[in-house]
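Note sheet for the following structure.
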Amino acid sequence: MKLIIAANWKMNKTAAETAAFCREMRRDEKLLEGLDVLICPPFTALPAAAEALEGSSLKLGAQNMHWESEGAFTGEISAGMLVDFGVEYVILGHSERRHLMGEKDNQVNLKVKAALKNKLKPILCVGETEEERINGATDIVLEKQLGGALTGLAAEQAGELVIAYEPVWAIGTGKAATADDAEKACAYIIKYIREKYGSDPALQLRVQYGGSVKAENIGSFVVLPSISGALVGGASLEAGSFSALVQAARKAVLH
Ligand code: PGA
């Protein structure tokens, strides 16, 4: 399965900084061969990224969207507006949106459906807090988040998803999950999709691990049977460290 490595820049980088990053990444396009590598800049930098990436195999993603196509939703951006800039992927239900902005499973569900309807590929984020892990509730949390976000989806739509397993306690802390814990959670996600939607979507689905991924540890995740990529925050902000990370992932799976 083709690895998918996504750079989640969060609220970082101006348009000019984005263009400079893209130029640097494009110095070695060979690095991207055989992998899906995408950057998810803030909305305001999408036009600059789209322009800088023209003709490149580096893909473009967004970090959020609203489920309605237009209307009185001050401050929101629709799927159609993202597609307009050549955006192919959209991160949905990231833990920062769930925990800091109060985003609920039913809203994530509306977003997933709106993204698919507009031919955007959702990167659906799920994951437990530290307290939930300590209480042994990881699978229960994953089941609740998956059930809530995927309500009403057809089997063929489930197969189009990318699901990012991001334990909240590992995000931005430098404390990544162990390979064993990440594999267990990602295997649970695939099993959930298989039981609910059948084996075809489960085989098609790509599951990423996210949370303190860097060049030094990505290899230990992408070689695991249930993991097909990574969602990367901090280590994606500099072209040098992101290139090193992509290279390490390639090395781990392609050689
Ligand atoms: P991190 O962030 O790589 O900085 O831990 C990951 C994410 O939030 O997607």
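Yes/no per residue for (1) open to solvent by less than 20 Å² (accessible area, probe 1.4 Å); (2) in contact with a Phe, Trp or Tyr (Cβ under 7 Å, 6 or more places away or on another chain); (3) free of Cβ contacts under 8 Å to residues at least 40 places away in the same chain; (4) not in a helix (DSSP H, G or I):
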residue: 142; (1), (2), (3), (4): yes, yes, no, no
residue: 152; (1), (2), (3), (4): no, no, no, yes
residue: 158; (1), (2), (3), (4): yes, yes, no, no
residue: 163; (1), (2), (3), (4): yes, no, no, yes
residue: 176; (1), (2), (3), (4): no, no, no, yes
residue: 186; (1), (2), (3), (4): yes, yes, no, no
residue: 190; (1), (2), (3), (4): no, no, yes, no
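Does residue 210 satisfy the criteria of being open to solvent by less than 40 Å² (accessible area, probe 1.4 Å), of a type outside the set (Lys, Arg) and either more than 16 Å from the ligand (Cβ to nearest atom) or touching a residue at least 12 places away in the same chain (Cβ under 8 Å) (or both)? So residue 210 passes the test. Has region 39-56 got at least one residue that is touching a helix residue (DSSP H, G or I) at 6+ places or on another chain (Cβ under 8 Å), farther than 22 Å from residue 77 by Cα and assigned to a loop (DSSP other than H, G, I, E, B)? Within region 39-56, one or more residues are touching a helix residue (DSSP H, G or I) at 6+ places or on another chain (Cβ under 8 Å), farther than 22 Å from residue 77 by Cα and assigned to a loop (DSSP other than H, G, I, E, B). Looking only at region 223-238, decide whether some residue is more than 27 Å from residue 116 (Cβ to Cβ), in a helix (DSSP H, G or I) and open to solvent by less than 40 Å² (accessible area, probe 1.4 Å). Yes - at least one qualifying residue is present in region 223-238. Summed over region 143-182, the residues that are more than 15 Å from the ligand (Cβ to nearest atom) and aromatic (Phe, Trp, Tyr) give a count of 0.
Is it true that some residue in region 10-26 is touching a Pro at 6+ places or on another chain (Cβ under 7 Å), buried (at least 23 other Cβ atoms within 10 Å of the Cβ) and either within 25 Å of residue 221 (Cα to Cα) or modelled with pLDDT of 95 or more (or both)? The answer is yes, given that some residue of region 10-26 is touching a Pro at 6+ places or on another chain (Cβ under 7 Å), buried (at least 23 other Cβ atoms within 10 Å of the Cβ) and either within 25 Å of residue 221 (Cα to Cα) or modelled with pLDDT of 95 or more (or both). Restricting attention to region 193-226, the residues that are under 19 Å from residue 143 (Cβ atoms) and not small (Gly, Ala, Ser) total 10.
The values are calculated or read from the model by the stated rules, or taken from the named source; none is laboratory data. Values in this document were obtained by computation on a predicted structure and should not be read as measured data. Virtual Cβ from ideal backbone geometry, glycine too; neighbours counted across all protein chains shown. SASA here: full protein model, heavy atoms, side chains in, ligands and nucleic acids out. Shrake-Rupley method; radii C 1.70, N 1.55, O 1.52, S 1.80 Å.
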